[in-house]
Structure formats: structure tokens, C-alpha cells
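The values are calculated or read from the model by the stated rules, or taken from the named source; none is laboratory data. Bear in mind that the values here come from a model prediction, so they are computed numbers and not experimental data. Backbone-built Cβ (ideal geometry, glycine too); neighbour counts: all protein chains shown. Surface accessibility is based on the protein's heavy atoms, side chains included, excluding ligands, DNA and RNA. Shrake-Rupley method; radii C 1.70, N 1.55, O 1.52, S 1.80 Å.
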Amino acid sequence: MSNVFDERAERIAAAARDRHLTIATAESLTGGRISSVLGAAPSASEWYRGSVVAYASSVKHGLLRVPDGPVVSEPSARAMASTVADLLGADLAVAVTGAGGPQPQDGQPPGTVWFGVFTDGRVRAELRHFDGDPGDVVDATTMHALVLLEDALLR
């Protein structure tokens, strides 16, 4: 699977360099996986600003300015994306928060993932449901976050 991640990250790297844009990530259930893929991409030091991996809800609420309430939610994903862009000075950011499983979280079934994408000063959110064990959910979430970044760069 890493080869598929690497190929997408190479395209993200080329598009970010071509458009002179910087990227940041805010991650929860992926635990830094998205950051790891992007950090290994070509010339990452030129366009990748970094990541905040906020696994604990208290870190999401405190550092990433997630509003009170469940962290597996649209408001959480939106806050994570806009805040990490602000904190790290990025033009574009993606955030992920969800229930990786095997247990539900915040009343959401395993595989429920909210994505936030910050671009052009606006944030949009997207809800996805992925099947499989926690590792499958992390892989699917990582890939979809990369897809969202690439799509945002190509607009």
C-alpha cells in the first residue's frame, strides 16, 4: 500500500511546488501516518509545514480549538483544519478525526471519519465510512486525506 501512498504524495509534492503552496495536517485516528507519507515526499521541506497529531480529546479541544462536544464530528474536523493552517502558517490543510475501532467513539460506529480541508481561507468538511479493522480504517483514511489534498491543489 505504501507505494500507492508514495505515488500520490509525489503528485502532491509536484503540485504544491508548482503552485508555491504550503501544506499542513492535523491528525487524530491516523496517528501521524499522513504526516509520515508527506514528509517522505520529494522536496517536502519546501512545501510541507508539518502536522499536529492530537490523539487525546483534551489536546484537540486545547491546542486545535475544537469546540466542546464530541470530537468525531464536523465541527471538530473544521476546527482542526483551520487551526492547524493558522498555527503552522499553511496555505492548505487537511484534518482527520474519527472512530478507528474496534469500539465506537462519541456514539459513532467504527469506520466513521470526518475530514476537514482548509483552502483559500475556507474550510469544507466531509464524512466517510470505511469498512475493516482499525488498520484498514487508518489506511483508507490516509489515502482519502491524500486524495483530498491532491484535489484541492488541482483546483
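Could you tell me which residue of the range 126-143 is farthest from the chain's Cα centre (by Cα), considering only residues that are surrounded by fewer than 18 Cβ atoms within 10 Å (Cβ to Cβ) and within 21 Å of LYS60 (Cα to Cα)?
Within the range 126-143, the match that is farthest from the chain's Cα centre (by Cα) is PRO134.
Scan the range 38-80 residue by residue and report those that are crowded, with 23+ Cβ neighbours inside 10 Å, more than 19 Å from TRP114 (Cβ to Cβ) and within 12 Å of the chain's Cα centre (by Cα).
Selection gives LEU38 alone.
Out of all the residues in the range 84-113, which are farther than 27 Å from ARG19 by Cβ and not in a loop (DSSP other than H, G, I, E, B)?
GLY98, GLN105, GLN108, THR112
Identify, please: which residue in the range 89-125 is open to solvent by 40 Å² or more (accessible area, probe 1.4 Å) and in contact (Cβ under 8 Å) with a residue 60 or more places away in the chain and is, among those, farthest from the chain's Cα centre (by Cα)?
The selected residue is GLY89.
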